[in-house]
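Q: Let me give you the structure first, and then I'll get to my questions.
The values are calculated or read from the model by the stated rules, or taken from the named source; none is laboratory data. On a predicted model such as this, the values are computed, not experimentally measured, just so you know. Cβ sites come from the backbone with ideal geometry, for glycine too, and all protein chains shown count toward neighbours.
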């Protein structure tokens, strides 16, 4: 629309740079994703059979097969073997677990500064706590209370404590009622499981830290149970930042 | 630890259910991910050669090859062909683009209610606007101003407007200085590109909506430029919710 054919910054000499040649399976993946993003393919729709898709995209059948493998691994498609109308490859609704897996790998490998991760957690979990407190019921409270009680077991070691701790934060995220926010919260907490565990093992006085953390969990639970979203959010932020400060080795990973 | 060998809910008759048999490449992917999450493999580390990895994991070489293809597509590893010390497969730092790609597919396929997506955007972009306003400089302001000016072109159609609109929100997210929050913001905005475009095309009075949206963008820009984070966050929330209300068809996708 604004392209008038003239370019003021064209260089005076031709320039030759290596051209990236995408491999067949990458082209197939991009083609499937384009159809999904444009809305032409939605959950439950079948992909054309391998032979037909290869012919239409003008790539090898091996390229189609590899692309489908990749898309399967990401939860974008699922394949049913056998014959009949249910056989074939279909667009799938990506499970929350796929996002958790991907995001925790991303956090593990992308070298985000730990403060960015902590700030992202604070943002997400403040939001979850506020929402959870705003529509709390008995079943939700029970789901938050179960991991809280699990952390009360005397002499609990770092690892089972950390698992119950994760479950506690995840339960509040699930109680938010916002599936997308919950998925992101769970993924980031999951990405911190191992670094937190390593840091916990290096804390000199674990029983003392454990009882401090558990006291903070209890006050968050009480605020959610009382329906006080603002207090729940503030206590959650204080708890996350205090835990980070108490686990200085966390920043060294 | 709490497993005492007794189970109170074991059924009286044996039950036979199909056992899920993970395929080789899935086992290889899980093995690589476990090493990454435990910290044993980090960015730049080589994977063992295909033959050796297959032998150690007791799977076929084809399984290893397929797993590496999947991990490559996700940006978890990259492979260098040829010989010498630089050849082979290495753990890569997943690029932000990989998260954007994954998250927008996830949002497109997971059937999140549109209100969940809008609420997640509000949370993320309030946060970004606050942070952007807190450490604004000339270069950052210029990066936000460029797409703002692009939207001022008279008679701009839906698609170029929507692209500049995305760029405007992305520039504020980048200016937040929190890479993880920015990545999530960009991914969610990217996932909405097509649905927003489809909804825009159905708006009866596009020039009027366009000028309303552009006025809102201008006030957000002014608040960020003035360093007023609270005002920038409030205006951003109002803008996102107003745009959603003005694009009622958005909820129908």
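Q: Here are A:246, A:242, A:187, A:182: which of them is surrounded by fewer than 18 Cβ atoms within 10 Å (Cβ to Cβ), closer than 26 Å to residue A:140 by Cβ and out of contact with any strand residue (DSSP E or B) (no Cβ under 9 Å at 6 or more places or on another chain)? Steps first, please.
A: Details: A:246 fails: closer than 26 Å to residue A:140 by Cβ; A:187 fails: surrounded by fewer than 18 Cβ atoms within 10 Å (Cβ to Cβ); A:182 fails: surrounded by fewer than 18 Cβ atoms within 10 Å (Cβ to Cβ).
Of the residues listed, the single one that is surrounded by fewer than 18 Cβ atoms within 10 Å (Cβ to Cβ), closer than 26 Å to residue A:140 by Cβ and out of contact with any strand residue (DSSP E or B) (no Cβ under 9 Å at 6 or more places or on another chain) is A:242.
Q: Counting just the residues of the stretch B:128-164 that are part of a loop (DSSP other than H, G, I, E, B) and free of Cβ contacts under 8 Å to residues at least 24 places away in the same chain, which one comes out surrounded by the fewest Cβ atoms within 10 Å (Cβ to Cβ)?
A: Here is the first cut: in the stretch B:128-164, the residues part of a loop (DSSP other than H, G, I, E, B) are B:135-137, B:151-157.
Of the ones still in play, those that are also free of Cβ contacts under 8 Å to residues at least 24 places away in the same chain are B:137, B:153-155, B:157.
Numbers: B:137: 8, B:153: 13, B:154: 5, B:155: 7, B:157: 13.
So, considering only residues that are part of a loop (DSSP other than H, G, I, E, B) and free of Cβ contacts under 8 Å to residues at least 24 places away in the same chain, the one surrounded by the fewest Cβ atoms within 10 Å (Cβ to Cβ) is B:154.
Q: Can you spot a residue in the stretch B:165-180 that is under 20 Å from residue A:181 (Cβ atoms) and without any contact (Cβ under 8 Å) to a residue 12 or more places away in the chain?
A: The answer is yes, given that some residue of the stretch B:165-180 is under 20 Å from residue A:181 (Cβ atoms) and without any contact (Cβ under 8 Å) to a residue 12 or more places away in the chain.
Conditions tested, residue by residue: (1) over 20 Å from residue A:153 (Cα atoms); (2) within 14 Å of another protein chain (Cβ to nearest Cβ); (3) modelled with pLDDT of 95 or more; (4) within 25 Å of the chain's Cα centre (by Cα).
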| residue | (1), (2), (3), (4) |
| --- | --- |
| A:182 | yes, yes, no, yes |
| A:185 | yes, yes, no, yes |
| A:197 | no, yes, no, yes |
| A:226 | yes, no, yes, no |
| A:237 | yes, yes, yes, yes |
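Q: Read through the list (1) touching a residue at least 40 places away in the same chain (Cβ under 8 Å); (2) in a helix (DSSP H, G or I); (3) touching a helix residue (DSSP H, G or I) at 6+ places or on another chain (Cβ under 6 Å), then give the number of the only condition that residue B:203 fails.
A: The number of the failed condition is (2).
Q: Looking at this structure, is residue B:192 closer than 20 Å to residue B:103 by Cβ, within 11 Å of chain A (Cβ to nearest Cβ) and touching a helix residue (DSSP H, G or I) at 6+ places or on another chain (Cβ under 6 Å)?
A: Numbers: closer than 20 Å to residue B:103 by Cβ: yes; within 11 Å of chain A (Cβ to nearest Cβ): yes; touching a helix residue (DSSP H, G or I) at 6+ places or on another chain (Cβ under 6 Å): no.
For residue B:192, the condition - closer than 20 Å to residue B:103 by Cβ, within 11 Å of chain A (Cβ to nearest Cβ) and touching a helix residue (DSSP H, G or I) at 6+ places or on another chain (Cβ under 6 Å) - is not met.
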